[in-house]
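My questions will all concern the structure given below.
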Amino acid sequence: MGPDPQLKWTVSCMVLVQILCCYLVRDLSWKWLIFWSYAFGGVINHSLTLAIHDISHNVAFGNKSARWNRFFGMFANLPIAMPYSTSFKKYHIDHHRYLGGDSLDVDIPTDFEGKFFCTPVRKIIWIILQPLLYVLRPLYVNPKPITHMEVINAVVQFSFDMVIYHLWGLKPVVYLLAGSILSMGLHPISGHFIAEHYMFFKRL
Ligand SMILES: [Zn+2]
């Protein structure tokens, strides 16, 4: 428990590596772009979502510098290509406070998901769709008003995306975005979602 002084350096390195990759992938064919997006960029982006989790608990700069953590979360967010860190924190507090509580903890799948995705093939589809479900579920289960900080997060994020687009074209933007979506779906690094959040049904 407590701040991790190493985290800011690890996160900064990951963000810089992804910016370097944006330069390197600018002329790749689409096929190889998607390959590297899945095999490399997505791994870093997924790792950044977990860093954003830790930063949302003020691990980077401690509880006394809460604001530094909020803005550092936006910095860690940059390679993910979509605004995420501020909204994540808004809902993540409820995940801990009401752990497992229906309609309060938005990490819990909805009744529909539980009932529909019940065969092996449907479960694979569910895993592929996880990034989409994770983003849409709060809006359906427990919608909250947009905050001032979320607007800042969005402006910072879309400005970054525009800069990358203007420097090196569309391909690096697709590399970042595809990495985020693919690595949160059917990807080895996403195994922790299942390991941490779900249990086998216990038959009596
Ligand atoms: Zn947490």
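The values are calculated or read from the model by the stated rules, or taken from the named source; none is laboratory data. This structure is a prediction, so every number in the text was calculated from the model and none was measured. Please note: Cβ atoms are built from the backbone with ideal geometry, for glycine as well, and neighbour counts cover all protein chains shown. Remember, those area values only see protein heavy atoms, side chains included, never the ligands or the DNA or RNA. Shrake-Rupley method; radii C 1.70, N 1.55, O 1.52, S 1.80 Å.
Looking at (1) within 16 Å of the ligand (Cβ to nearest atom); (2) in a helix (DSSP H, G or I); (3) open to solvent by 30 Å² or more (accessible area, probe 1.4 Å), which is the one condition that is false for His95?
Status for His95: all satisfied but (3).
Are any residues in region 54-89 open to solvent by 40 Å² or more (accessible area, probe 1.4 Å), in contact (Cβ under 8 Å) with a residue 12 or more places away in the chain and within 13 Å of the ligand (Cβ to nearest atom), and if so, which ones?
Residues satisfying the conditions are Asp54, Lys89.
So in region 29-79, with the set limited to residues that are polar (S, T, N, Q), within 21 Å of Asp107 (Cα to Cα) and in a helix (DSSP H, G or I), which one is farthest from the chain's Cα centre (by Cα)?
Narrowing region 29-79 to residues polar (S, T, N, Q): 29, 37, 45, 47, 49, 56, 58, 63, 65, 69, 77.
Next, from what is left, pick out any that are within 21 Å of Asp107 (Cα to Cα): 45, 47, 49, 56, 58, 77.
Those still in the list that are in a helix (DSSP H, G or I) too: 45, 47, 49, 56, 77.
Details: Asn45: 7, Ser47: 8, Thr49: 4, Ser56: 12, Asn77: 8 Å.
Only one residue tops the list, namely Ser56.
Select from region 98-113 the residues that are hydrophobic (A, V, I, L, M, F, W, C) and either more than 16 Å from the ligand (Cβ to nearest atom) or open to solvent by less than 40 Å² (accessible area, probe 1.4 Å) (or both) and list them in ascending order.
Within region 98-113, Val106, Phe112 meet the criteria.
Could you identify the single residue in Val135, Val43 that is away from the ligand (no atom under 14 Å from the Cβ), at pLDDT below 95, under 29 Å from Val173 (Cα atoms) and open to solvent by 30 Å² or more (accessible area, probe 1.4 Å)?
Only one candidate qualifies: Val135.
With respect to the numbered conditions (1) assigned to a loop (DSSP other than H, G, I, E, B); (2) surrounded by 12 or more Cβ atoms within 10 Å (Cβ to Cβ), which one is the sole condition not fulfilled by Ser180?
Result: Ser180 fails condition (1) only.
List the residue pairs whose Cβ atoms are under 6 Å apart, where the first residue sits in region 8-19 and is farther than 10 Å from Ala76 by Cα, the second is loosely packed, with under 14 Cβ neighbours inside 10 Å, and the two are 6 or more positions apart or on different chains.
none
Looking only at region 1-17, decide whether some residue is at pLDDT below 95, open to solvent by 50 Å² or more (accessible area, probe 1.4 Å) and charged (D, E, K, R).
The answer is no; no qualifying residue exists.
Return yes or no: is Tyr140 open to solvent by 90 Å² or more (accessible area, probe 1.4 Å) and modelled with pLDDT under 95?
yes
Let me spell it out: the conditions are (1) away from the ligand (no atom under 12 Å from the Cβ); (2) of a type outside the set (Lys, Arg); (3) open to solvent by 20 Å² or more (accessible area, probe 1.4 Å), and Leu50 meets all of them except one. Which number is the exception?
Exception for Leu50: condition (1).
With respect to Phe116, determine if the residue is open to solvent by 90 Å² or more (accessible area, probe 1.4 Å) and among the hydrophobic types (A, V, I, L, M, F, W, C). If you could, list the steps in order and put the result at the bottom.
Details: open to solvent by 90 Å² or more (accessible area, probe 1.4 Å): no; among the hydrophobic types (A, V, I, L, M, F, W, C): yes.
Here the answer is no, as Phe116 does not meet what is asked.
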